[in-house]
1. In the stretch 159-201, what count of residues is obtained for those that are of a type outside the set (Lys, Arg) and touching a residue at least 12 places away in the same chain (Cβ under 8 Å)?
2. When the residues of the stretch 136-168 are narrowed to those that are within 25 Å of Arg92 (Cα to Cα) and among the hydrophobic types (A, V, I, L, M, F, W, C), which ends up modelled with the lowest pLDDT?
3. Determine if the stretch 202-217 includes at least one residue that is under 21 Å from Glu108 (Cβ atoms), assigned to a helix (DSSP H, G or I), of a type in the set (Ser, Thr, Tyr) and in the same structural domain as Ser143 (by TED's automatic domain parsing).
4. Quick one: which of Ala186, Ala195 is surrounded by 16 or more Cβ atoms within 10 Å (Cβ to Cβ), in the same structural domain as Glu132 (by TED's automatic domain parsing) and in a helix (DSSP H, G or I)?
5. Report, ordered by the first and then the second residue, all pairs with beta carbons closer than 7 Å, sequence separation of six or more or different chains, a first member in the stretch 81-107 that is in contact (Cβ under 8 Å) with a residue 12 or more places away in the chain, and a second member that is among the acidic types (Asp, Glu) and surrounded by fewer than 16 Cβ atoms within 10 Å (Cβ to Cβ).
6. Among all residue pairs at least 6 apart or on different chains, which show Cβ distances below 7 Å where the first residue, located in the stretch 225-250, is under 14 Å from Ile194 (Cα atoms) and the second is part of a helix (DSSP H, G or I) and of a type in the set (Phe, Trp, Tyr)?
7. Sort through Ser183, Ser139 and tell me the only one that's closer than 24 Å to Ala240 by Cα and of a type outside the set (A, V, I, L, M).
8. Does Pro128 fit the bill of being part of a loop (DSSP other than H, G, I, E, B), of a type outside the set (D, E, K, R) and at pLDDT 75 or above?
Amino acid sequence: MYSIGNLAKMSNSTVRTLRYYDEIGLLTPSHLSDGGHRYYEEQDVIKLHYIKVLKGMGFNLISIRQMLEHQQLSHKEALAMQLKVLEVEKERIEERTRSIRYLLQVSEFEDLENWKDVFARIPMNSSPTPIEVYEKIWSKHFSKDEVHYLKQLPKIGDDTDTIEVYTMLINDIRQNIHLDITSPEAQEMASRWIALLEKDFNRNFTLAQKVWNKQKEGNDDIGFYRFDPAVVDFIEKAIAYYFQLKEKEY
């Protein structure tokens, strides 16, 4: 048998919690000593385990009591519940990981001195948003084939090499935004930007420009990051000059 203190320690609970469970009839001790001390047996330990699993799945204590009163859980069912808890927790961890990664990537795009400005630039996918949400928005502006292609594009918050390359490029632009767009350094960054567009959009610059324009309009959140106007201006002018030079070469 286990004292209430021992059970609390081994189950990572508190004595106060176990006393409360006893008061509401959720987990009553198998034995009470003459002095009123609570003692628990193995079946009580198993029952407490079920309670913690169900609680971790989001069930309230009233529902848990009803479930335990009307259903005897097998070891297989207990393992299935544990698996479900781990799956739910995995999803929560992935959501938090994506949000933190998003903010780290945003920190390369914007100064984090003013949090209000930063969060104002964070689109819906700062926490995982069902792709169906964006598909409805995209369908208002893009063809079915274009929507299909947009679904494949990397986005801020993704853990991909492409996003890392974009992040490095934007950071370089921000640090050198004072440069003349005709300078070799500015043109090197324009070339890197174009190379990324060629890869991501499979040289479909018409679609790339369409996405860029819709994002600039800002009427709808289409799921892509809205850059600072100064960064946008630098990119547009540097790329325009880049193509002017290319035209002169031919």
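The values are calculated or read from the model by the stated rules, or taken from the named source; none is laboratory data. Given the structure is predicted, the values throughout are model-derived calculations rather than measurements. Positions of Cβ are backbone-derived with ideal geometry, glycine not excepted, and every protein chain shown enters the neighbour counts.
1. Going through the stretch 159-201 one residue at a time, the tally reaches 26.
2. My answer is Ile156.
3. no
4. On the way: Ala195 fails: surrounded by 16 or more Cβ atoms within 10 Å (Cβ to Cβ).
Only one candidate passes the filter, namely Ala186.
5. Arg101/Asp159
6. The qualifying pairs are Ile235/Trp193; Ile239/Trp193.
7. On the way: Ser139 fails: closer than 24 Å to Ala240 by Cα.
Step by step, each of Ser183, Ser139 is checked, and only Ser183 is closer than 24 Å to Ala240 by Cα and of a type outside the set (A, V, I, L, M).
8. Numbers: part of a loop (DSSP other than H, G, I, E, B): yes; of a type outside the set (D, E, K, R): yes; at pLDDT 75 or above: no.
Considered against the rule, which asks whether it is part of a loop (DSSP other than H, G, I, E, B), of a type outside the set (D, E, K, R) and at pLDDT 75 or above, Pro128 comes out as no.
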